[in-house]
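Peer 1: Starting off with a structure, shown below.
Only the coordinates and a few stated rules stand behind these numbers; no lab work does. Every value quoted in this text rests on a predicted model; they were computed, and no experiment measured them. No Cβ is skipped: glycine too gets one built from the backbone with ideal geometry, and neighbour counts run over all protein chains shown.
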Amino acid sequence: MHRNLWRPAAVSICLPVALCAFLVSGCGGDAGPKVVPVVGTVTVDGSPLATANVSFKPDITKGNKAQFEPGGTANDKGQFELTTANKPGAPEGWYKVVVYPPTPPRSGGDLPKVGPPPFNVKYTDAGSTDISIEIKAGAAAGAYDLKLTK
């Protein structure tokens, strides 16, 4: 009768290899990019812009090749905090800043009616926005404030 003598040897080799691969890969708790805190306020001609969405697009022309686009939503005072890959903050580097106007809430089953933004439309596109910001550790208070015009 033929016995499978290779099975214990395969298990004794494969199990340690699999265990090492698991330990090296980690548990995924620290996955994603290294980020720094980014908070700011969105204003239009000095008045807070509530519920606006902000998106920081990596500026490749200034060397930022990040794979992630940090973003956030302003509260009722126009204050926002960026998040990147579900982590609070954003990777360091230069960004073109895009702002999307607040979307009115749905009324019943109808889609909300969206008019022109309450600010210059140039801020809604990475190709036309003139807001360019460098995110870096230890930035001064107000460094990430977004001052829009009409």
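Peer 1: If you take the beta carbon distance between Tyr100 and Ile60 as r and set R0 to 22 Å, what does 1/(1 + (r/R0)^6) give as a FRET efficiency, to the nearest 0.05?
Peer 2: So, using R0 = 22 Å, E works out to roughly 0.55.
Peer 1: Chymotrypsin sites (Phe, Trp or Tyr not before Pro) within region 100-150: which are DSSP loop residues with at most 15 other Cβ atoms inside 10 Å?
Peer 2: Passing both the DSSP loop test and the Cβ count: no residue.
Peer 1: Separate question: Assuming R0 = 30 Å, what is the FRET efficiency of Val114 and Ala143, from their Cβ-Cβ distance, to the nearest 0.05?
Peer 2: 0.45
Peer 1: To continue, here is another question. Here are some pairs, Lys77/Lys122; Lys77/Lys136; Lys113/Lys136; Lys62/Lys150; which of them have Cα atoms lying more than 30 Å apart in this structure?
Peer 2: As for pairs spanning more than 30 Å Cα to Cα, those are Lys113/Lys136.
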